[in-house]
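Reading through the structure tokens given below for one structure.
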Amino acid sequence: MLISTSLKTASQSLAAFLLLGLLFAAPAQAQRKGRTTSAANADGSLAGTTSAATVAQPARLKPLFGGLTPAQATQLIGEAQLKAIAASFASTTEASTFFTTKGYEYLRENQPDTAAYRFNLAWLFNPQNAEAFRGLGIVASAQPTPDAAIGLLTKGLALSPSSTLLMSDLGTSYLMRYNQTKKKKDLKTGMELLQRVTALEPNNGTAWQQLARGLYYEEKYPEAWEAVHKGQVQSVGSLDFDLITDLLAKQPDPQGKFK
């Protein structure tokens, strides 16, 4: 599930960019052990049972089960059910990786609620799984404000400080919030993160487009055009056409590629 970047508002366009990395972000799917429990679905969830998770469906669809501790979330789902799911894997770490992969698959299929539950399970099996926080952050980016996404992505980056994917997503989220609040601190933080990404990964076309949006906000239009073209060289699919339209209203494309 990739949402088009040609959306009507800058905030929507920036939110869409959080999803562009999904083509490359999903970790390798964990290999499950040959044995499975009779009550387990193919993706590790349980079938044919009525559980606390079913009764409390709204909580399981909220990031981190609505702010529960791992112990509280275990009680919500049921320790026996979690053990039954875990029995299909060599370790809880492997289970966590598996559910992270499933979460990204459901995001691509435009099933954010199902994805959120899988990312929640990934976090529950391994609270140190940075990708679980990233997945939940992407789900949360659909909310009216990016506050929840920023909180989740910040936690993920703390666990994996070298992850350029988390840096890029978090930087974009700060730009989204700046677009709403116009607080210079958000713009500064977002730009610092995106500059780090493009320095570490100069071939990251999406990050260059995100950086270009920040430069547009800073009214540095020549630099913004330069960033757009650097991103285009790396990936034509990364182009943010809403941004290009906004830039054209301020300054013609110095390279004359967009008119």
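Every read-out reported here was derived from the displayed coordinates using simple, explicitly stated rules and does not represent laboratory data. All values derive from a computational prediction rather than experimental measurement. FYI the Cβ positions are ideal-geometry reconstructions off the backbone, even for glycines, and counts take in every protein chain you see.
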Cross-link pairs beyond the 27 Å C-alpha cut-off, checked among 155/185; 185/257; 230/250; 102/184; 62/220: 185/257; 102/184; 62/220
Charge tally for neighbours of residue 117 with beta carbon under 10 Å away, counting Lys, Arg as +1 and Asp, Glu as -1, is +3
Return the FRET efficiency for the residue pair residue 113, residue 91: r is the Cβ-Cβ distance, R0 is 30 Å, and the value is rounded to the nearest 0.05. 0.65
Which of the GluC sites (Glu not before Pro) found in the range 117-226 are loop residues per DSSP with 15 or fewer other Cβ atoms within 10 Å of their Cβ? 218, 219
Taking the range 218-255, which trypsin sites (Lys or Arg not before Pro) meet the DSSP loop condition and have no more than 14 other C-beta atoms within 10 Å? 220
Report, in whole Å, the centroid distance computed from the Cα atoms of the range 211-259 and the range 119-186. 25 Å
Going by how many other beta carbons lie within 10 Å of each one, how would you line up 113, 240, 169, 246, fewest first? 113, 246, 240, 169
Magnitude of the Cβ-charge dipole (Lys and Arg +1, Asp and Glu -1) of the range 126-250 about the Cα centre, nearest 20 debye, reported as 340 debye
Simple spin-label model, 7 Å along Cα-to-Cβ: residue 251 to residue 74 in nm? 5.7 nm
